[in-house]
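The values are calculated or read from the model by the stated rules, or taken from the named source; none is laboratory data. Keep in mind that this is a model prediction, so the values were computed, not measured. Please note: Cβ atoms are built from the backbone with ideal geometry, for glycine as well, and neighbour counts cover all protein chains shown. Remember, those area values only see protein heavy atoms, side chains included, never the ligands or the DNA or RNA. Shrake-Rupley method; radii C 1.70, N 1.55, O 1.52, S 1.80 Å.
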Amino acid sequence: ETAVFQTPNYHVTQVGNEVSFNCKQTLGHDTMYWYKQDSKKLLKIMFSYNNKQLIVNETVPRRFSPQSSDKAHLNLRIKSVEPEDSAVYLCASSFGTGGTEVFFGKGTRLTVV
Amino acid sequence: GDSVTQTEGLVTLTKGLPVMLNCTYQTTYSPFLFWYVQHLNEAPKLLLKSSTDNKRTEHQGFYATLHKSSSSFHLQKSSVQLSDSALYFCALRANSGTYQRFGTGTKLQVVP
């Protein structure tokens, strides 16, 4: 049963457009993450929020901005997408940070044409 | 800094054979290691985790032992099944303690 929900599942857009992805978790977790999975399946941390506070921003280009309205929601906005942004964006959550099981959503596949 | 290394990109095995997927790590803090499995078009899911030296942890037929002396946390199974075909990630709690750093992943392909 998926408890981390992401929308949309897929998105195709042109270079230079703005996109937004939504994520909601129903597990009552206090920490949420965005990971990027590229075409080689590499999983890289982008952002982490703990109790709505940004705690990790891992050398992500400035066109990426996370937004957290509460502990259960973490959205991702990309201003002016570029071809290298094509990837699967995985939202995840956990109790606490780092040392506990991370639950992932199914991801949003972004294709930039 | 911290890092996690998976040396095999692809492992192809015949059903019924044993498997070992390698994972080594570097960290300046007490290590906390994880194995996640990602089936095709699915989300990664936790398979195993450990922070205890020399203690075997098992789940769904898979097992691993954290060895601090060799900085390793290899994943093993005695007899692979077709349904084990998936992408396996080793992950390490980052030095900052604020997220998990993932290895490059090993694709396990089990053939009849």
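Details
- The one condition in (1) open to solvent by 20 Å² or more (accessible area, probe 1.4 Å); (2) in a loop (DSSP other than H, G, I, E, B); (3) touching a residue at least 24 places away in the same chain (Cβ under 8 Å) that B:Met20 fails to fulfil: (2)
- Test: residue in the stretch B:59-78 that is in contact with a Pro (Cβ under 9 Å, 6 or more places away or on another chain), surrounded by fewer than 15 Cβ atoms within 10 Å (Cβ to Cβ) and under 15 Å from B:Leu21 (Cβ atoms): yes
- Contact map, the stretch B:71-96: residues that are among the polar types (S, T, N, Q) paired with residues that are assigned to a loop (DSSP other than H, G, I, E, B) and at pLDDT 95 or above, Cβ distance under 6 Å, separation 6+ or inter-chain. Pairs shown: B:Ser78/B:Pro18; B:Ser79/B:Gly16.
- Search result, residues across the stretch A:53-82 that are within 14 Å of chain B (Cβ to nearest Cβ), part of a loop (DSSP other than H, G, I, E, B) and β-branched (Val, Ile, Thr): A:Thr59, A:Val60
- Test for A:Ser69: is it more than 22 Å from B:Arg101 (Cα to Cα) and either open to solvent by 70 Å² or more (accessible area, probe 1.4 Å) or without any contact (Cβ under 8 Å) to a residue 40 or more places away in the chain (or both): yes
- Of all residues in the stretch B:79-104, those satisfying the criterion of being surrounded by fewer than 22 Cβ atoms within 10 Å (Cβ to Cβ), assigned to a loop (DSSP other than H, G, I, E, B) and either in contact with a Cys (Cβ under 6 Å, 6 or more places away or on another chain) or at the interface with chain A (Cβ under 10 Å from one of its Cβ atoms) (or both) are B:Asn95, B:Ser96, B:Gly97, B:Thr98, B:Thr104.
- Of the residues making up the stretch A:1-52, those that are open to solvent by 50 Å² or more (accessible area, probe 1.4 Å) and facing chain B (nearest Cβ under 9 Å) number 4.
- Only a single criterion out of (1) at positive phi; (2) in a strand (DSSP E or B) is not satisfied by B:Phe34, namely (1).
- Looking across the stretch A:78-91, the residues that are surrounded by 14 or more Cβ atoms within 10 Å (Cβ to Cβ) and either farther than 23 Å from B:Tyr36 by Cβ or hydroxyl-bearing (Ser, Thr, Tyr) (or both) come down to A:Ile78, A:Lys79, A:Val81, A:Asp85, A:Ser86, A:Tyr89.
- For the stretch B:24-58, a residue qualifies if it is surrounded by 12 or more Cβ atoms within 10 Å (Cβ to Cβ) and away from every other protein chain (no Cβ under 14 Å), and the qualifying residues are B:Thr24, B:Gln26, B:Asp53, B:Arg56, B:Glu58.
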